[in-house]
1. Looking for whichever is buried (at least 18 other Cβ atoms within 10 Å of the Cβ), under 14 Å from the mean Cα position of the chain (by Cα) and either in a helix (DSSP H, G or I) or not assigned by TED's automatic domain parsing to the domain that holds residue 215 (or both) here; the options are 122, 166, 114. Which one fits?
2. Restricting attention to segment 132-153, which residues are assigned to a loop (DSSP other than H, G, I, E, B) and free of Cβ contacts under 8 Å to residues at least 40 places away in the same chain?
3. Which of the residues belonging to segment 78-106 are among the basic types (Lys, Arg) and in contact (Cβ under 8 Å) with a residue 40 or more places away in the chain?
4. Has segment 85-96 got at least one residue that is modelled with pLDDT of 95 or more, over 16 Å from residue 35 (Cα atoms), assigned by TED's automatic domain parsing to the domain that holds residue 151 and aliphatic (A, V, I, L, M)?
5. Is there a residue in segment 11-26 that is of a type in the set (S, T, N, Q), surrounded by 10 or more Cβ atoms within 10 Å (Cβ to Cβ) and either in contact with a strand residue (DSSP E or B) (Cβ under 8 Å, 6 or more places away or on another chain) or at pLDDT 50 or above (or both)?
6. Which of the residues that make up segment 172-202 are of a type in the set (Val, Ile, Thr) and modelled with pLDDT of 80 or more?
7. How many residues are more than 18 Å from residue 135 (Cα to Cα), among the charged types (D, E, K, R) and modelled with pLDDT of 90 or more when one looks only at segment 66-84?
Amino acid sequence: MQGRVNPFATGFGERFFEVGEMMRASSVQNEIESIRVLVADSTPLTGRLIADALKRDRTFSVTNEKAPSLIATATTFKPDVSIISEQLEGKSGKGFEVLRQLRATLPAVRVVMLLDSAERELVIEAFRSGARGVFCRRDPLKMLARCVHKVYEGQLWVSGDQLELLVQALADAPATRLVDTRGTELLSKREQDVVRWLAEGHTNNKIARELQISENSVKNYLFRIFDKLGVSSRVE
């Protein structure tokens with residue numbers, strides 16, 4: 001009787017094992033949920049261009065929508081991240097209004113505000129309205145995908161210059177804004193520490209070292225402080 005052939009001696013076993021591993025890897029890849037991204041730009045054409053650029057990243061499921069139906073679409077599409085232009089329906093500042101409506105309807109959605117320029121008023125109003133990041137049209141479009149990923153991961157997308165604007169706005173906030181009308185403190189002890197260091201003119205790096213936290217943690221504290229205080233975009 002002829003002896004049985006050992007498949008691993010012929011190399012067939014190794015190939016079978018490799019195919020099995022590839023199939024499992026493919027299955028895992030298919031199980032990874034995509035990041036749902038909702039785009040609302042100032043014009044349908046630019047909105048499609050942004051959506052098409054993002055679709056090159058296979059982890060994104062992208063929908064482009066017009067401003068009037070944005071909230072309704074968001075309710076059914078349930079985006080993880082939304083990119084909203086500051087100018088919508090031909091109106092400057094309309095995007096901030098839509099952002100606030102979206103945030104009230106779907107608080108879990110993280111929003112990136114698309115700005116024509118990084119003017120102080122626009123940057124501050126974007127974060128004041130609840131944006132988790134700002135992206136300027138002058139920035140390379142290829143960076144937008146990275147921006148979406150970072151915001152989806154819970155980080156802020158803000159340049160050093162833009163962050164400086166937020167820091168200055170916080171430093172200028174009146175001390176009385178640290179409590180509500182009932183006298184309840186709005187900020188945690190750590191958030192108050194960050195505000196105190198900011199008011200003294202220290203850099204994020206210095207604050208991070210003094211509080212023994214990362215610079216990224218300082219940025220996230222800044223956003224939460226900014227959100228709680230509702231710092232105005234005007235000089236107070």
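1. Working: 122 fails: under 14 Å from the mean Cα position of the chain (by Cα); 166 fails: under 14 Å from the mean Cα position of the chain (by Cα).
Result of the check over 122, 166, 114: 114.
2. Going residue by residue through segment 132-153, those that are assigned to a loop (DSSP other than H, G, I, E, B) are 132, 137-142, 153.
Residues satisfying the conditions are 137, 138, 139, 140, 153.
3. Initial filter on segment 78-106 (among the basic types (Lys, Arg)): 78, 91, 94, 100, 103.
78, the sole residue that qualifies.
4. no
5. If we filter segment 11-26 for residues that are of a type in the set (S, T, N, Q), which is where we start, we get 26.
If we keep only those that are surrounded by 10 or more Cβ atoms within 10 Å (Cβ to Cβ) as well, we get 26.
Retained after the next criterion (residues that are either in contact with a strand residue (DSSP E or B) (Cβ under 8 Å, 6 or more places away or on another chain) or at pLDDT 50 or above (or both)): none.
Within segment 11-26, not a single residue is of a type in the set (S, T, N, Q), surrounded by 10 or more Cβ atoms within 10 Å (Cβ to Cβ) and either in contact with a strand residue (DSSP E or B) (Cβ under 8 Å, 6 or more places away or on another chain) or at pLDDT 50 or above (or both).
6. From segment 172-202, those of a type in the set (Val, Ile, Thr) are 176, 179, 181, 184, 194-195; that's our starting set.
Scanning segment 172-202 gives a single hit, 194.
7. Residues in segment 66-84 being more than 18 Å from residue 135 (Cα to Cα), among the charged types (D, E, K, R) and modelled with pLDDT of 90 or more: 1 in total.
The values are calculated or read from the model by the stated rules, or taken from the named source; none is laboratory data. These figures come from a predicted structure and were not determined experimentally. Ideal geometry is used to build each Cβ from the backbone, glycine not excepted, and the neighbour counts take in all protein chains shown.
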